[in-house]
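None of the figures in this text is laboratory data; all of them are computed from the coordinates on show. Only a predicted model underlies this, so the values are computations on that prediction, with no experimental measurement involved. We place every Cβ from the backbone using ideal geometry, glycine too, and count neighbours over all the protein chains shown.
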Amino acid sequence: MTKFDFVPLFVKIWLILSTIICTWDASFVLLRPRTLPGGDLHAYWKPYATYIQIDKLYGDMQDQFVVEQSILNIYECIVNVIALCLIFSNSQQKQLSGTFMAILANAFTFWKTVLYFQYGFPHSLPIKNYVEYIFLYLIPSSFWVIVPLLSCIAISKRICTQLLSGSAQQPDNKTQKVKQN
């Protein structure tokens, strides 16, 4: 870890992958009904034909919650891209800013997903096929809670480690003045 490398590789990869996936997901919702089965763009979103049977919000054209969540996906992607650009810059100041943007992006993803679970779960009831529900909704959706949480923890841990090791190496001004007297 270099002096300012607070963002682990898995977080950088996650930011890239989540940006791609969230863009694809938001596009599906915002371009409905063209992306739904029978629509002229459905070929690009074929997996959603099964998914909308489990997550009813994605197929419900009357419910605006999933539309608002998709707009938040776009904002999330913008924050991800800004964080990545800053993290990969040559400026230490920009890298530090990118580190905090990465924490912000991951916290945003975490809470947006928790909110979606709380709102979306009752709309999935009654669950007709528990195996599909667990493997096509619950487990994949849980990644959007677990990975951002682990990302925030990993970045914070690196920041704390660096701050503690830096403060142990540099005496504070009071200690220096006492030694000089």
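Label points 7 Å out from Cα along the Cβ direction at TYR75 and GLN53: separation in nm?
3.5
Roughly what would the spin-label model give for GLN118 and ILE139, points 7 Å off Cα along C-beta, in nm?
Simple spin-label model gives 2.7 nm for this pair.
Calculated from DSSP H runs of 4 or more alone, at -39500 (n - 2.57) each and per residue, what is the 222 nm mean residue ellipticity of the chain, nearest 500?
Result for the chain, helices only: -24000 deg cm²/dmol.
By how many nm would the segment from ASP60 to LEU150 grow when fully extended, if each residue of separation counts as 0.36 nm and the alpha-carbon distance is taken off? Please list the in-between numbers first.
Values: separation 90, 0.36 × 90 = 32.40 nm, distance 3.21 nm.
Stretched fully, the ASP60-LEU150 segment lengthens by 29.2 nm.
Label the chain by shape, choosing from rounded, prolate and oblate, from the square roots a ≥ b ≥ c of the eigenvalues of the Cα gyration tensor; if a/c is under 1.5 it is rounded, and otherwise prolate applies when a/b is larger than b/c, oblate when it is not. Before the final figure, lay out the partial values.
Values: a/c = 3.45, a/b = 2.52, b/c = 1.37.
It comes out prolate by the Cα gyration axes.
Which is the longest stretch in the chain that no exposed loop site breaks, taking sites as trypsin sites (Lys or Arg not before Pro) with a DSSP loop state and at most 12 other Cβ atoms within 10 Å?
Numbers: sites that count: LYS3, LYS128.
After excluding every exposed loop site, the longest remaining stretch is 4-127.
Return an integer: the convex hull volume of the alpha-carbon atoms of the stretch 65-139, in Å³ per residue.
Details: hull volume 6.4 nm³, N = 75.
With only Cα atoms used, the stretch 65-139 gives 85 Å³ per residue.
Can you give the charge dipole size of the stretch 1-147 about its Cα centre, rounded to the nearest 20 debye, using +1 on the beta carbon of Lys and Arg and -1 on the beta carbon of Asp and Glu?
260
To the nearest 10 degrees, how steep is helix 9-30 against the longest Cα principal axis of the chain, on a 0 to 90 scale?
Taking Cα atoms only, the helix is inclined about 30 degrees.
Tilt of helix 65-87 relative to the longest C-alpha principal axis of the chain, in degrees (0 to 90, nearest 10)?
30
At what distance in nm do the modelled label points of ILE20 and PHE88 sit from each other, each positioned 7 Å from its Cα along Cα→Cβ?
Inter-label distance under the simple model: 1.3 nm.
Once you list every other residue whose beta carbon is under 13 Å from the beta carbon of LEU84, what net charge do they have if Lys and Arg are +1 and Asp and Glu are -1?
Local charge sum for LEU84: +1.
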